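The values are calculated or read from the model by the stated rules, or taken from the named source; none is laboratory data. Note that the structure is a prediction, hence the values are computed from the model and not measured. Backbone-built Cβ (ideal geometry, glycine too); neighbour counts: all protein chains shown. Only protein heavy atoms, including side chains, enter the accessible area calculation; ligands, DNA and RNA are left aside. Shrake-Rupley method; radii C 1.70, N 1.55, O 1.52, S 1.80 Å.
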Amino acid sequence: MAAAAANGKVLHKPPSTAAAPPPPLHLEDQKHLGSSPLKKIIIVASIAAGVQFGWALQLSLLTPYVQLLGIPHTWAAYIWLCGPISGMLVQPLVGYYSDRCTSRFGRRRPFIAVGAFLVAIAVFLIGFAADIGHIAGDELITGKIKPRAIAVFVVGFWILDVANNTLQGPCRAFLADLSGGSASKMRSANAFFSFFMAVGNILGFAAGSYDDLHRVFPFTATKACDHYCSNLKSCFFLSIMLLAVLTVLALTIVPEPAWSPTEDSDVGKNDNEGGTCTVPFFGELLGALKELPRPMWFLLLVTCLNWIAWFPFLLFDTDWMGKEVYGGEVGERAYAKGVHAGSLGLLLNSVVLGVMSLAVEPLGRILGNVKRLWGLVNFLLAVCLSMTVVVTKRAEAWRRLAISNGVNISQSTPPAGIKGGALALFAVLGIPQAVTFSIPFALASIFSSSAGAGQGLSLGVLNLAIVIPQMIVSVTSGPWDALFGGGNLPAFVVGAIAAAASGIFALTLLPSLPADNPANKMPTMGGFH
């Protein structure tokens, strides 16, 4: 879920004596590209649906498939570490080189094409891991670890994370380029990206919930691949087809002129001149961090707190439904029923996410500016995370009463009020999620344009404010929960506090953005206050 799923940074033009070259895309270069029609922005943003389709499938179908392969629990941490590691390294690196790409096909389009191709390869490896492992010598014994299949799966999973970072960063940067410096269009472009992420989620959860999809692709059923496995492969085939169609349409219909540095730009001139940094990218990244203006530091702070709030719930939402709401343990029927109910909650969340994504820009205008909208929805996020405590306590009270009355908890479900309250939280969380998936990236693009920074590297730096919290939450949430007796509530409470802090800082620290001028272009950095 991925997120999927992140980006952003702003830098001033470094002095001529700096080892790192100046930013590759100046504001005048971006204006020269012009503002593209909204339909082109929508076509490019639709790629997010193809990417998110595959991530939703993993959330809904990967657990039984992992069990089929016999992946040990101790391997799990290494698998899931791929996301933050690739986010820290791949996206800034891809962003740096996409800012400097002088291909005749454009700066962003080659990276988008390569990313989509790698996604297809990764999905193929994941789906066919059991078959490849069997061909390589794995035994077909239920419950037995299949080391060769596991190796193929892990390689495919890591490639998938790298591919998604290769694809999504340049895709968002392309949207910023197509906006032609218009703050309004940048916000709308990222809102459409968030909308199509929701569409991909809905399609993925719907496909994952259909148990007979493998009948459409009968060749997916093999000796090494059972019902769940063949269904996963069938869904992934649909995922590859959707992503391929959307990517080809976007890259065919939306042209991108070849880019070259302006005559007064030193881009590329210092890349091979030596200096303190042997690799230009790392010098540029360090230079970018050193040259960040105050508004971008504030944006990184708000984003970091925002994702500290989000990650506990995103990682453990269905686990919370299975354990705290339904009162089951892993492997028990009550837990499975809770996870299934959590999947329904994720579907509701995706629907609200899609609707809210289209409302972000109008709501921002109504409230006066987008920072106010972001701050308010962060308070809503804090309230929702706090309400998980209320729902959990009510579920515990129901179980105690039911047990005292001789009711078999494992054979029953919580009352409609408790279940409905939990599902309502999933749905309402789609509102702040839509803002989280759009406004930070739009602000990073706006700040980048104002400061003359490269969009690709800028969005890559913002990604650091997302993956670092993810690593912190992944490492500390388990011990933190255990310190307070186990369960998911302690991490959710910390998330609520972080969300409230993020809302306060969004309202008080982030600069207010003036409206687009009549020419629909971004003002200079001095226009912020």
- Flag if residue 497 is more than 28 Å from residue 321 (Cβ to Cβ), more than 20 Å from the chain's Cα centre (by Cα) and either surrounded by 24 or more Cβ atoms within 10 Å (Cβ to Cβ) or at pLDDT 90 or above (or both): no
- Task: Taking residue 112 as meeting all but one of (1) out of contact with any helix residue (DSSP H, G or I) (no Cβ under 6 Å at 6 or more places or on another chain); (2) surrounded by 22 or more Cβ atoms within 10 Å (Cβ to Cβ); (3) farther than 22 Å from residue 231 by Cα, write down the number of the exception.
- Result: (1)
- Query: For region 180-199, what are the residues that are assigned to a helix (DSSP H, G or I) and open to solvent by less than 10 Å² (accessible area, probe 1.4 Å)?
  - Reply: 183, 186, 189, 190, 191, 193, 194, 197, 198
- Of the conditions (1) hydroxyl-bearing (Ser, Thr, Tyr); (2) more than 30 Å from residue 90 (Cβ to Cβ); (3) part of a helix (DSSP H, G or I), residue 413 fails just one. Which one is it? (3)
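Is it true that residue 386 is assigned to a helix (DSSP H, G or I), small (Gly, Ala, Ser) and closer than 27 Å to residue 302 by Cβ?
In short, yes.
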- Can you spot a residue in region 358-365 that is of a type in the set (Asp, Glu) and open to solvent by 20 Å² or more (accessible area, probe 1.4 Å)? no
- Identify, by number, the condition in (1) crowded, with 16+ Cβ neighbours inside 10 Å; (2) under 19 Å from the mean Cα position of the chain (by Cα); (3) modelled with pLDDT of 80 or more that residue 488 doesn't meet. (2)
- Message: Any residue that is open to solvent by 40 Å² or more (accessible area, probe 1.4 Å) and either farther than 23 Å from residue 170 by Cα or at pLDDT below 70 (or both) - is there at least one of those in region 449-471?
- Response: yes
- Task: For residue 177, state whether it is acidic (Asp, Glu) and open to solvent by 10 Å² or more (accessible area, probe 1.4 Å).
- Result: no
- Message: Let me confirm something: among 148, 104, which residue is open to solvent by 10 Å² or more (accessible area, probe 1.4 Å), among the charged types (D, E, K, R), part of a helix (DSSP H, G or I) and farther than 28 Å from residue 470 by Cβ?
- Response: 148
- Looking only at region 128-145, and only at residues there that are farther than 13 Å from residue 71 by Cα and at pLDDT below 85, the one that is most open to solvent (accessible area, probe 1.4 Å): 139
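If we keep just the residues of region 200-245 that are among the charged types (D, E, K, R) and outside any helix (DSSP H, G or I), which is modelled with the lowest pLDDT?
Result: 211.
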- Which one is surrounded by the fewest Cβ atoms within 10 Å (Cβ to Cβ), of the residues in region 425-448 that are small (Gly, Ala, Ser) and out of contact with any Gly (no Cβ under 9 Å at 6 or more places or on another chain)? 438
- Query: Between a first residue in region 169-185 that is over 17 Å from residue 108 (Cα atoms) and a second residue that is of a type in the set (Val, Ile, Thr), which pairs have beta carbons less than 6 Å apart while being 6 or more apart in sequence or on different chains?
  - Reply: 183/446
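Would you check if there is a residue in region 416-437 being among the polar types (S, T, N, Q), outside any helix (DSSP H, G or I), at pLDDT 90 or above and within 25 Å of residue 184 (Cα to Cα)?
Looking for residues that are among the polar types (S, T, N, Q), outside any helix (DSSP H, G or I), at pLDDT 90 or above and within 25 Å of residue 184 (Cα to Cα), one finds none in region 416-437, hence no.
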- Among the residues of region 246-263 satisfying the criterion of being open to solvent by 30 Å² or more (accessible area, probe 1.4 Å) and not in a helix (DSSP H, G or I), which is modelled with the highest pLDDT? 255
